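Peer 1: To start, I am sharing the structure in question, which I have written as structure tokens.
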Amino acid sequence: MKITTLVPAYKPKYLFELLVSMRNQTVKPEKIIFSDDSPDQSFIYILNGDQIKEVTADLNIEVIPGPRSGGWNNFRHLMRIYAGKTDIFHIQLDDDICYPNFYEQHLKAHAIGYVPCVISRRWTAMESGQPLRDLGVPSAISDHPQRMLSLDANLLFTHTVGMSANWLGEFSNATFRSDMVPELDDASMGGISFSGLEDLGGFLKASLKAPVGYINEHLGYFRTSAEHNSANPMGRPMKLAHLAYVALAIGCRRLGYISSEQERAIVSALCPIIKQRYFLEEDMKEFCDLMPFLEINSRNSEDLFIEMWGKFA
């Protein structure tokens, strides 16, 4: 099996570290494609320059201009360029790092049998790369004696959306089969968008095809920094993420993957938070006005939320 690495590139600050991590993989990717969405095309300039050749000498790198129409569209652009040219693909964010055996272990998991997606654990790290903390992985999984696990849709839906938690991580710590491209390209499930939670939504969609592979070992880290979307709670990405949990709860209950009681618990917990956090934000005013009615499951409030969410997302 061969793997292609897709890098939706925007911040060149960590490029050297990323290249070193790729070069030191025990099994290197067949190809690395950078889609340069930076304002000044920094990646194209740097990766085509002589000063970086020593680091990229044994890597098959292609760098292309990005669409410059938002972060998620850069992801989609890369997947379409990739077009299933290898069995497996990996979306590597430009500020995260894979440990040297990341691809080796992921390819071993894919080789066991068909799995649409393999996810490995990762640390949350300081900007310098020093690990700070783990994700809140359920103890039944975290403490399991086996290193490679198979997680089905019922388990994943119940213990992620059903708990308003994403302990699976982000795209950087996951690899996908090529047939997942159209599934990821469409960030919706059951006709309801999950924009803002494309990673979690993508993992859940994968589990609908077949159980997801889970490597119970930390094979990389997610870098925190002041430049990250999560550092700006008033930015559109975080607004989307808050609302997307509500949308996912409604959608997953309608699909039968969580119970009505689980949906109500999630919505009831999130509605006051959304209203309190965003009541002064003009673009969130209609949602904030709706939250008290959605919280008590007032008549038509759920349908109205989905209608508003479809326009917002």
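The values are calculated or read from the model by the stated rules, or taken from the named source; none is laboratory data. Since we're looking at a predicted model, the values are computed, not measured. Backbone-built Cβ (ideal geometry, glycine too); neighbour counts: all protein chains shown. Note: accessible area is taken over every heavy atom of the protein model, side chains too, but ligands, DNA and RNA are not part of it. Shrake-Rupley method; radii C 1.70, N 1.55, O 1.52, S 1.80 Å.
Peer 1: Would you confirm whether or not the range 258-268 contains a residue that is outside any helix (DSSP H, G or I) and either in contact with a Ser or Thr (Cβ under 6 Å, 6 or more places away or on another chain) or within 27 Å of Val118 (Cα to Cα) (or both)?
Peer 2: So far as the range 258-268 goes, yes, one or more of its residues are outside any helix (DSSP H, G or I) and either in contact with a Ser or Thr (Cβ under 6 Å, 6 or more places away or on another chain) or within 27 Å of Val118 (Cα to Cα) (or both).
Peer 1: Is one or more of the residues making up the range 185-196 outside any strand (DSSP E or B), on the phi > 0 side of the Ramachandran plot, out of contact with any Phe, Trp or Tyr (no Cβ under 7 Å at 6 or more places or on another chain) and open to solvent by 30 Å² or more (accessible area, probe 1.4 Å)?
Peer 2: The answer is yes; a qualifying residue exists.
Peer 1: Out of the range 3-40, which residues are touching a strand residue (DSSP E or B) at 6+ places or on another chain (Cβ under 7 Å) and either open to solvent by 40 Å² or more (accessible area, probe 1.4 Å) or among the small types (Gly, Ala, Ser) (or both)?
Peer 2: Answer for the range 3-40, where residues must be touching a strand residue (DSSP E or B) at 6+ places or on another chain (Cβ under 7 Å) and either open to solvent by 40 Å² or more (accessible area, probe 1.4 Å) or among the small types (Gly, Ala, Ser) (or both): Ala9, Glu17, Ser21, Glu30, Lys31, Ser35, Ser38.
Peer 1: Does the range 108-118 contain at least one residue that is in contact with a His (Cβ under 6 Å, 6 or more places away or on another chain) and among the hydrophobic types (A, V, I, L, M, F, W, C)?
Peer 2: yes
Peer 1: Next question. Modelled with pLDDT under 95, of a type outside the set (S, T, N, Q) and out of contact with any helix residue (DSSP H, G or I) (no Cβ under 6 Å at 6 or more places or on another chain) - does that describe any residue in the range 55-65? Walk me through how you get there before you give the answer.
Peer 2: In the first step, residues of the range 55-65 are kept if they are modelled with pLDDT under 95; the result is 55-58.
Those still in the list that are of a type outside the set (S, T, N, Q) too: 55, 57-58.
From the residues that got through so far, the ones that are out of contact with any helix residue (DSSP H, G or I) (no Cβ under 6 Å at 6 or more places or on another chain) too are 57-58.
Yes: the range 55-65 contains one or more residues that are modelled with pLDDT under 95, of a type outside the set (S, T, N, Q) and out of contact with any helix residue (DSSP H, G or I) (no Cβ under 6 Å at 6 or more places or on another chain).
Peer 1: Within the range 93-132, track down each residue that is within 21 Å of Gly201 (Cα to Cα) and basic (Lys, Arg).
Peer 2: Within the range 93-132, Arg121, Arg122 qualify.
Peer 1: Something else now. Look through the range 119-169, keep the residues that are in contact with a Phe, Trp or Tyr (Cβ under 6 Å, 6 or more places away or on another chain) and in a loop (DSSP other than H, G, I, E, B), and return whichever of them is nearest to Ala269 (Cα to Cα).
Peer 2: The residue in question is Ser164.
Peer 1: Which of the residues that make up the range 121-161 are among the basic types (Lys, Arg) and open to solvent by 50 Å² or more (accessible area, probe 1.4 Å)?
Peer 2: Correct list: Arg133, Arg147.
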